[in-house]
Amino acid sequence: KVGDDVFGFLQYAPSQTQGAFADYITVKHNECAIKPSGIDFDVAAASTTEPVTALQALRDKGGLRKGANRQQKVLVVGAAGGVGSAAVQIAKKLFGAHVTAVSSTKNVEQVKSKFGAHAVIDRSIEPGYVQKLIEEKAQFDVILDAPCVLPSSATKLLKPKGVIVTTAPTGTMYLNQSKMALSSKKATWISCNSNREDLDTIGELLTGEDKLVVPIDSKFKVKDIAKAMAKHADGHNGRVVIQ
């Protein structure tokens, strides 16, 4: 209703004509959600696209479910990034999955202690970690390749009916789809959708006992958009928020 504080993001659709940097935008009532009380606007704004992408990738594409009759196993590549860090936490907190994460040396401790991964692979030290996992006969129900960097051989890490999900369609994804066409395993990609139900789920995670951690690197006033974009382009550890 009028006066409610809401959060969400503009749909990623070819027909989209608005931009999130605008002073005012219009969205459908079911494409945003009530901002959780006690959560600052900057945190709420930073908790939309990436966490919702992670949620929909794991649940809708990967098939993770609450209360599964066995603990599901998830591999998250790019675990320190926006989608990856949310995926590590959502897989563990919401679905009770065992999470193996992949990150660079500088982010290993954060991914383990802050985001809660059960195991972390340092890709800087072990660039051949995919082959090593194959040799160890590691198997996962869902592999989320957030930066879209895994080789096609990573499909050997999938359990029967397992799914490898990327955040964009890639040549490797299409190759994987072709070679697994007659298999129970799948390769697909996620394009996120802003909807109230999923935003409410993220809101509950933000305010729950074991809170979703959303790192914020820096904040800029709207008059300093150019500086914010430069910061985003030059490298950042967490979200860059425009107020």
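Rolling a 1.4 angstrom probe over the protein chains, ignoring ligands and nucleic acids, what is the accessible area of H118 in square angstrom, nearest 10?
H118 has an accessible surface of roughly 80 Å² with all protein chains in place.
Pick out, in residue order, every one of the trypsin sites (Lys or Arg not before Pro) in the range 1-108 that is DSSP loop and has at most 16 other C-beta atoms within 10 Å; say none if there are none.
Of the trypsin sites (Lys or Arg not before Pro), the ones in loops of the range 1-108 whose Cβ has at most 16 other Cβ atoms within 10 Å are K1, K28, R65, K66, R70.
Where only protein heavy atoms count, and the probe is 1.4 Å, what is the accessible area per residue for the range 1-74 in Å²?
In whole numbers, the range 1-74 has 62 Å² accessible per residue.
Considering only protein heavy atoms and a 1.4 Å probe, what is the carbon-and-sulfur percentage of the accessible area of the range 63-191?
Of all accessible area on the range 63-191, carbon and sulfur atoms account for 53 percent.
When the dipole is taken about the Cα centre of the chain, and only Lys, Arg (+1) and Asp, Glu (-1) are charged at their Cβ, what size is it in debye, to the nearest 20?
720 debye
Using 24 Å as the Cα-Cα cut-off, could you pick out the over-long pairs in K66/K211; K35/K106; K28/K223; K92/K231; K92/K137; K66/K159?
Going by Cα-Cα distance, K35/K106; K28/K223; K92/K231 fall outside the 24 Å limit.
Could you sort R239, R123 by accessible area so the largest value comes first, with the probe set to 1.4 Å?
Result of the area sort, largest leading: R123, R239.
Among D23, D42, D145, which one moves the most in a GNM of the chain with springs linking Cα atoms closer than 10 Å?
D23
Specify the residue with the greatest mean-square fluctuation among G84, G128, G116, computed from a Gaussian network of the chain linking alpha-carbon atoms under 10 Å apart.
Result: G128 has the largest fluctuation of those listed.
Which value, in debye to the nearest 20, gives the size of the charge dipole of the range 143-243 about its Cα centre, when Lys and Arg are +1 and Asp and Glu are -1 at the Cβ?
Dipole of the range 143-243, to the nearest 20 debye: 380 debye.
What accessible area per residue comes out for the range 114-243, rounded to a whole number of Å², with a 1.4 Å probe?
Per-residue accessible area for the range 114-243 comes out at 54 Å².
The values are calculated or read from the model by the stated rules, or taken from the named source; none is laboratory data. Every value quoted in this text rests on a predicted model; they were computed, and no experiment measured them. We place every Cβ from the backbone using ideal geometry, glycine too, and count neighbours over all the protein chains shown. These accessible areas exclude ligands, DNA and RNA; they are computed on the full protein's heavy atoms, side chains included. Shrake-Rupley method; radii C 1.70, N 1.55, O 1.52, S 1.80 Å.
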